[in-house]
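Asks: Pasting a structure here, questions to come.
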Amino acid sequence: MAKRALITGITGQDGSYLAEHLLAEGYQVWGLVRGQANPRKSRISRLVSELHFVEGDLMDQVSLVSAVDFVQPDEVYNLAAISFVPMSWQQPELTTEVNGMGVLRVLEAVRMVCGLDKSRPTGGGMRFYQASSSEMYGKVAETPQNEQTIFHPRSPYGVAKTYGHFITKNYRESFGMFGVSGILFNHESPRRGAEFVTRKITMAVAEIKLGLRDKLYLGNLDAVRDWGFAGDYVRAMHLMLQQETATDYVVGTGRMHSVRDAVQIAFGSVDLNWRDHVVVDPALVRPAEVETLCADPEKARAELGWKQSVDFVELMRMMVEADLRKASNEHKYSELMLAGSW
C-alpha cells in the first residue's frame, strides 16, 4: 500500500514542489485546504487529478484533529505559514498565531490521533516535518550557521518560527514523536511569490526588457543570503523523514550572494545594465535587518546524502526566463483584448 503524506501549505511554492516529488515517489498525497478560493491554487492545477484534499485550518484545533484522523497519514509536512518576513511587522499577532501556535496545533493533532501520552512516550506511527527557517538565526552569532548555532531572530516572523522549531523538538523529547525541523535557508523558483525579492527582481527584469516598465525599486542591496532552488530543498524534507532517528538539519548551499549580485545576474541575462533601472528606496529597508545568512549543510550532506543540483546563477536565469515567457504571454493577451480579437 502506498504511503500517505499530508501537506499543509500545499499551494505554496514548497508545497507544490513537494507534492510533485512525493507523487513521483509513489505516495498518496493529501493537501490541507481551508475551503475558500485560494489565489495560488494555480501552482498545483496540473496535479489536481492526482491529489486528494481535506479541509482544515492552522488556527482551528478541532479541524486539524479531524483532518489528521481522516487522512491517517504516514508523514505530515507542515509548510503552511505567513512566509513574507516584512509582513510580520505589519501583522505580528496573525504571524504568531499561524507560524507559532499553528505548529503546536498540528503537533497536538498528530499526538491526539496517535494516542501519545507524556507519561508513556511511544512515538506513534506518524512522522512530522516542521518548516523552520534561517531567519531564526537573525543577528548571527557565527558564520556559517549550523544546527548548534544559537538563534537571535530579528523579526516577528523569525520569533514565531523559533517557537515552532522548539515546540517540535519538545514534542520529540516529551512524547517520543518522530518530529524533525528543516532549517531551510532561502530557496527560490519561478513559483516564488511576487513579493519576495528574487521574484520581484526577475519579474521587473522581464517587464523592463519587454518595454512594459522602466524602474525597479529595492531596499538594501548589500543584504546577503544563501539562495538555492526550492525543487532541491523539498528532496531534503522527504529524506529527513526517512531516517531511523529524528533530528534537525540545516539545508542550504553554503554560498552567499547579495541582493546586488541577484540584480546583476538577472539584468545581465537579458543584456541590460542594472544601474540604468534600479532605484534604492529607503522605505523598503527592514526595521531590523538580517545582514548575513550562510548555511553549513555538512550534516545534511553526510547523513541524508543531499546536495543541490541548481546553482545561484542558473537559478536567477531560470526565473528570468520563466517571467519573460509569462510577461510576454500576458502582454499579448492584453493586446488581443484591447483589439477585440478575443
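Asks: Can you list, bin by bin at 5 Å, the percent of alpha carbon pairs in the range 91-171, starting at 0?
Replies: 3, 15, 22, 20, 15, 13, 9, 3, 0
Asks: Would you be so kind as to identify which of Gly193, Thr149, Ser88 lies farthest towards the positive end of the dipole of the chain, taking Lys and Arg as +1 and Asp and Glu as -1 on Cβ and the Cα centre as origin?
Replies: Of the candidates, Gly193 comes out farthest on the positive side.
Asks: I've got another one for you. Would you kindly derive the ³J(HN,Hα) couplings of the range 186-201 from the backbone phi angles with the Karplus curve 6.51 cos²θ - 1.76 cosθ + 1.60 (θ = phi - 60°), listing them in order in whole Hz, with x for Gly and Pro?
Replies: 3, 9, 10, 5, x, 8, 5, x, 5, 7, 7, 4, 5, 6, 4, 5
Asks: What is the set of long-range amide H partners of Glu188 at a cut-off below 5 Å, with H atoms built 1.01 Å from backbone N?
Replies: HN-HN under 5 Å from Glu188: Gly228, Phe229, Ala230.
Asks: Okay, next question. With viscosity set to 1.002 mPa s at 20 °C, what whole-number translational diffusion coefficient in µm²/s follows for the range 145-234 from Stokes-Einstein and a Kirkwood radius over Cα pairs?
Replies: Translational D for this selection: 133 µm²/s.
Asks: Follow-up question, since we're still on this one. Distance between the C-alpha centers of the range 138-154 and the range 59-136? Whole Å please.
Replies: 24 Å
Asks: Let me ask something additional. Among 13-19, 240-246, what's the highest-first ranking by average C-beta atoms within 10 angstrom per residue?
Replies: Working: 13-19: 25.7, 240-246: 14.9.
Descending mean neighbour count gives 13-19, 240-246.
Asks: While we're looking at this one, here's another question. Kindly flag which residue pairs out of Lys161/Lys209; Lys299/Lys326; Lys3/Lys299 have an alpha-carbon separation exceeding 30 Å in this structure.
Replies: Exceeds cut-off: Lys161/Lys209; Lys299/Lys326.
Asks: Per residue of the range 221-233, in order, report the coupling 6.51 cos²θ - 1.76 cosθ + 1.60 (Karplus, θ = phi - 60°) as ³J(HN,Hα) in whole Hz, putting x for Gly and Pro.
Replies: 6, 9, 4, 10, 9, 9, 9, x, 9, 4, x, 6, 6
Asks: Can you tell me the dipole magnitude for the range 189-290 around its Cα centre, using point charges on the Cβ only (Lys, Arg +1; Asp, Glu -1), in Debye to the nearest 20? Intermediate results must be reported in sequence, preceding the final value.
Replies: Working: 13 positive and 13 negative charges, 50 e Å.
That gives the range 189-290 a dipole magnitude of about 240 debye.
Asks: Something else: Quick one: which residues, 5 or more positions from Cys294 or on another chain, have an amide H under 5 Å from its amide H? H modelled 1.01 Å from N in the peptide plane, none for Pro or chain starts.
Replies: Long-range HN contacts for Cys294: Gln145.
Asks: Sticking with this structure for a sec: Given the options Ala266, Trp227, Thr245, identify the residue whose Cα lies farthest towards the positive end of the charge dipole of the range 138-291 (+1 on Cβ of Lys, Arg; -1 on Cβ of Asp, Glu).
Replies: Ala266
Throughout, read-outs are computed from the coordinates displayed, never taken from laboratory work. Please read all numbers here as calculations on a predicted model, not as lab measurements. We place every Cβ from the backbone using ideal geometry, glycine too, and count neighbours over all the protein chains shown.
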